1. If you go through the range 230-241 one residue at a time, do you hit one that is touching a helix residue (DSSP H, G or I) at 6+ places or on another chain (Cβ under 8 Å), touching a residue at least 24 places away in the same chain (Cβ under 8 Å), open to solvent by 60 Å² or more (accessible area, probe 1.4 Å) and not in a helix (DSSP H, G or I)?
2. Against the definition (open to solvent by 70 Å² or more (accessible area, probe 1.4 Å), among the polar types (S, T, N, Q) and in contact (Cβ under 8 Å) with a residue 12 or more places away in the chain), how does Gln262 come out, yes or no?
3. State all residues of the range 74-102 that are farther than 13 Å from Pro193 by Cα and touching a strand residue (DSSP E or B) at 6+ places or on another chain (Cβ under 7 Å); if no residue qualifies, say none.
4. Evaluate the following for Ala101: is it within 18 Å of the chain's Cα centre (by Cα), modelled with pLDDT under 95 and among the small types (Gly, Ala, Ser)?
5. Can you list residue pairs whose Cβ atoms sit under 6 Å apart, with the first residue in the range 122-149 being without any contact (Cβ under 8 Å) to a residue 12 or more places away in the chain and the second being open to solvent by 10 Å² or more (accessible area, probe 1.4 Å)? Count only pairs 6 or more apart in sequence or on different chains.
6. Out of all the residues in the range 183-204, is one or more open to solvent by 10 Å² or more (accessible area, probe 1.4 Å) and polar (S, T, N, Q)?
7. Test Ile75 against the stated conditions and say whether it is assigned to a strand (DSSP E or B) and among the β-branched types (Val, Ile, Thr).
8. Can you pull out the residues in the range 219-239 that are acidic (Asp, Glu) and either at pLDDT 95 or above or under 9 Å from Trp180 (Cβ atoms) (or both)?
Amino acid sequence: MSEHPQGNRVQVWMPAAMGLFAFVVGCNILHSSRPKEQSPTTEPATPVIGSPAPRLPSKYQVRVAPVIFLSDFEIRPDLPLFKELSQLREQVQKELLLPPATDPVKVYLFENEKTYTAYMKSTREYRDLPDRRAFFVAQPRGLTEDLLIYTYWSKRIRQDLRHELTHALLHSVIKEVPQWLDEGIAEYFELRPELEGVNPDHVRRLRRELASGEVRPDIARLESLTQVEQMKTPQYRESWAWVHLMLRGKPEARTVLLSYLQQLRGTRHPGPLLPRLEKVVPDPVPALGEHLAQLERNLPPDAVVNP
């Protein structure tokens, strides 16, 4: 997978203190997903001077509790996509042993990239954000928050919605999650359920990087990242790998992760995760390499994230 300066999704949280990603835009806190490749012919939309101000889509609604999808183009509510997304909340809750997320989430679904980009570039809070296919925003409203997602209908809409909704569902029950861990969890759940959290692209790329010595995985380094600019495509891949190792590797490692998430519900600063993992996986880096090797051996030759 090649890296590209334009890409995927961004999340903006607006609490007073920074949790996951630490890039502040006014009162906003930015959370960013990994950059992704785009066609070299893709050009960002530029608002035309004198044209009507872009507005949020609102003509049609599809409700998939606790999510409301709003669009200006008609979408069939019986699409398999919505049935799958209706099961995502239960999947996240069951696998992470978290309480059910009940906070409503609004998804503003633009018809295409042009209208989406025009709106984002016309909005003071978001105009300077990096180019991504989707944004998640937690916006304070009194003692509560509005959970908002901005995106557009693309070939990767399924992956993007699963990713951003995972952030929203997680944020609904845990207000602050370390940046790398939140992204690793979102990368894990963005995949089609039948893939069981395995991202074939990540597996193959990480295996090549480990074999060449190009990267050396390091949770301590990931835990030190506090700025969105520090999270590049390799960091998202590695974050996913550690999450997958803990959720699908040794049962003791899964217990470490699930216990850590429970602690995050009770305190915003439970300390680093690595020392806890090392108690049950004394040599995490070789263990991760073995885990990825096993995943690659089990991959069908034609396995891809987006068929």
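The values are calculated or read from the model by the stated rules, or taken from the named source; none is laboratory data. Keep in mind the model is a prediction, meaning the values are calculated, not measured. Positions of Cβ are generated from backbone atoms using ideal geometry, with glycine treated the same way; all protein chains shown enter the neighbour counts. For accessibility, only protein heavy atoms count, side chains too; no ligands or nucleic acids. Shrake-Rupley method; radii C 1.70, N 1.55, O 1.52, S 1.80 Å.
1. Looking through the range 230-241, none of the residues is touching a helix residue (DSSP H, G or I) at 6+ places or on another chain (Cβ under 8 Å), touching a residue at least 24 places away in the same chain (Cβ under 8 Å), open to solvent by 60 Å² or more (accessible area, probe 1.4 Å) and not in a helix (DSSP H, G or I).
2. Yes.
3. Glu74, Ile75, Pro77, Phe82, listed by residue number.
4. Criteria met by Ala101.
5. From residues that are without any contact (Cβ under 8 Å) to a residue 12 or more places away in the chain, the pairs are Arg127/Lys121.
6. No - not one qualifying residue is present in the range 183-204.
7. no
8. Passing the criteria: Glu223, Glu238.
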